[in-house]
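Trainee: Structure below; questions to follow.
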Amino acid sequence: MMVDIFDFYDKMERNNIMLSFKGDITSELLTSILQIMETKLDNMQEEPKIKRKVYNVLVECLQNLYHHMDEMPQGNGTEPDKKIRSAIFMIGKLDNQYNIITGNYIRSRNVDPLKTRLDEINKLTKEELKDYYKLVLNNGEMSEKGGGGLGMIDIARKTGQKLNYHFQPVDDHYSFFSLNIKIAQ
Amino acid sequence: MEKVVIEGTPKTPTINFDMVSGLLEIKGRSIPENSIEFYKPLVEHLERYAQKPQTNTNVNIQLEYFNTSSSKCILDVFKKLEAIHKGGSQIVINWYYEQDDEDMLEAGEDYQAIINVPFKMIEVQE
C-alpha cells in the first residue's frame, strides 16, 4: 500500500493541522495528547482565556471518544473489532479559529437517539444551555465509567456554537459519527 | 485516619482533608476519565466526618480545569457537605477562580445555585 505522503502532508498543512491521531483511544494517549497540546498553546502564546477554552473543549471531545469506546464490542483482537474500536482526532487553527474534529464508529441503532440529543442541544440559547447543564448535573445519572451526559452540553456552552455533526452509514450495523467543533476567538 | 492527603497528578487534583482542624482542600486539575473511582475515597471520608464534624468546616476549591465527569463528583462532595451543614456544622465553600476565567466563575455560581451552603467567589490574580 503506497500512501502519497506529500498529498497527505499538503492537505494537513493547508488546514493548519497541529496534531492528529488515528487509532485506539486509551487513557495514556489522552494524557499525552493533552500535554502536547498544552505545550503548543503555551508556545503559541495564546491568551490565557483562549488556551483555557481550547483545552477544556479538547478534554471533553477526547473523553467523549474514550467513553464511547465502551459501547463498542470488546472483541478478541480480530481485525473488524479493532477497526470498530479505533477513532480519529484532529486539531487545527485557521483564520483565528480552532477546529477540533473527531470521528468514531457508532452502532447504527444509536444514531437516532444521539442525533436527537444533539439537535435538542443545538436549539438552546446561552441561558437555556446554562439551565439545562444544571438540570442534568443535578438530576442526571452517571454511567459506570463516569460519563455524565454533560460533555456535549458543556462543549456547546463553552464554544457558543452549534454542534456540527455528521453520520455516515458504513454497513448494516455501524455508522461513522463525526463532530466538528469550532472555537472562535 | 484524621488527615487525608491525596497527591495530585497531571489529571487529578491534590486533596487535603484535615478532619481535626475542619479543612478540606481540592486544588489543581481534575480531568480523569473515570472520576467516580477517584472521588470515591473522599466521599467515604466525608461520610465518616459527617458522624462527628467540627463546628466549623472550611472548604477551599481551587481548580485550574475540571471535566464534566468531575463536575458530577464534585457535586456529590458538595451534597455531602450540605448534609453536614444542615446538621448544624458551619460550612463555607471558598471557590477560587483566576482573573478573567469567566467559565470557572460561572461553574462556581452553578454550584452555588444548587447547593444550600454559603459560597464565596474569590478571584485570584494571575
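The values are calculated or read from the model by the stated rules, or taken from the named source; none is laboratory data. None of the values given here were measured: they were computed from a predicted structure. For neighbour counting, all protein chains shown are included, and Cβ atoms are generated from backbone atoms with ideal geometry for every residue, glycine included.
Trainee: Can you tell me which of A:ILE181, A:ILE121, A:ILE155 is under 17 Å from A:ALA87 (Cα atoms) and in contact with a helix residue (DSSP H, G or I) (Cβ under 7 Å, 6 or more places away or on another chain)? Let's see the steps before the verdict.
Mentor: Values: A:ILE121 fails: under 17 Å from A:ALA87 (Cα atoms); A:ILE155 fails: under 17 Å from A:ALA87 (Cα atoms).
Only one candidate qualifies: A:ILE181.
Trainee: Here is a follow-up. So for the stretch A:78-85 (the condition being under 25 Å from A:MET12 (Cα atoms), surrounded by 16 or more Cβ atoms within 10 Å (Cβ to Cβ) and at pLDDT below 95), does at least one residue qualify?
Mentor: Initial filter on the stretch A:78-85 (under 25 Å from A:MET12 (Cα atoms)): A:83-85.
Imposing the further condition that a residue be surrounded by 16 or more Cβ atoms within 10 Å (Cβ to Cβ) reduces the set to A:84-85.
Okay, now just the ones that are also at pLDDT below 95, so A:84-85.
Checked against the condition, which is being under 25 Å from A:MET12 (Cα atoms), surrounded by 16 or more Cβ atoms within 10 Å (Cβ to Cβ) and at pLDDT below 95, the stretch A:78-85 yields at least one hit.
Trainee: Is the stretch A:14-30 home to any residue that is closer than 26 Å to B:SER70 by Cα, at pLDDT below 95, in contact with a Lys or Arg (Cβ under 6 Å, 6 or more places away or on another chain) and not acidic (Asp, Glu)?
Mentor: no
Trainee: Here is a list: B:GLU37, B:GLU126, B:GLU64, B:GLU106. Which entry is assigned to a loop (DSSP other than H, G, I, E, B), facing chain A (nearest Cβ under 10 Å), of a type in the set (Asp, Glu) and surrounded by fewer than 20 Cβ atoms within 10 Å (Cβ to Cβ)? Show your work before the answer.
Mentor: Working: B:GLU37 fails: assigned to a loop (DSSP other than H, G, I, E, B); B:GLU64 fails: assigned to a loop (DSSP other than H, G, I, E, B); B:GLU106 fails: assigned to a loop (DSSP other than H, G, I, E, B).
The unique qualifying residue is B:GLU126.
Trainee: Could you tell me whether any residue of the stretch B:12-20 is of a type in the set (Phe, Trp, Tyr), under 14 Å from the mean Cα position of the chain (by Cα), part of a strand (DSSP E or B) and at pLDDT 95 or above? Spell out the reasoning first.
Mentor: Residues of the stretch B:12-20 that are of a type in the set (Phe, Trp, Tyr), as a first pass: B:17.
Then drop every residue that is not under 14 Å from the mean Cα position of the chain (by Cα), which leaves B:17.
Imposing the further condition that a residue be part of a strand (DSSP E or B) reduces the set to B:17.
Remaining after also requiring at pLDDT 95 or above: B:17.
Yes, the stretch B:12-20 contains at least one residue that is of a type in the set (Phe, Trp, Tyr), under 14 Å from the mean Cα position of the chain (by Cα), part of a strand (DSSP E or B) and at pLDDT 95 or above.
Trainee: Which one is farthest from B:TRP95 (Cα to Cα), of the residues in the stretch B:40-61 that are among the β-branched types (Val, Ile, Thr) and surrounded by fewer than 19 Cβ atoms within 10 Å (Cβ to Cβ)?
Mentor: So in the stretch B:40-61, the residues among the β-branched types (Val, Ile, Thr) come out as B:43, B:55, B:57, B:59, B:61.
Adding the requirement that they be surrounded by fewer than 19 Cβ atoms within 10 Å (Cβ to Cβ) leaves B:43, B:55.
Details: B:VAL43: 19, B:THR55: 20 Å.
So the residue we want is B:THR55.
Trainee: For the structure I just gave you, tell me whether B:SER71 is among the polar types (S, T, N, Q) and either within 14 Å of chain A (Cβ to nearest Cβ) or in a helix (DSSP H, G or I) (or both). It would help to see each step written out before you state the result.
Mentor: Numbers: among the polar types (S, T, N, Q): yes; either within 14 Å of chain A (Cβ to nearest Cβ) or in a helix (DSSP H, G or I) (or both): yes.
It is true that B:SER71 is among the polar types (S, T, N, Q) and either within 14 Å of chain A (Cβ to nearest Cβ) or in a helix (DSSP H, G or I) (or both).
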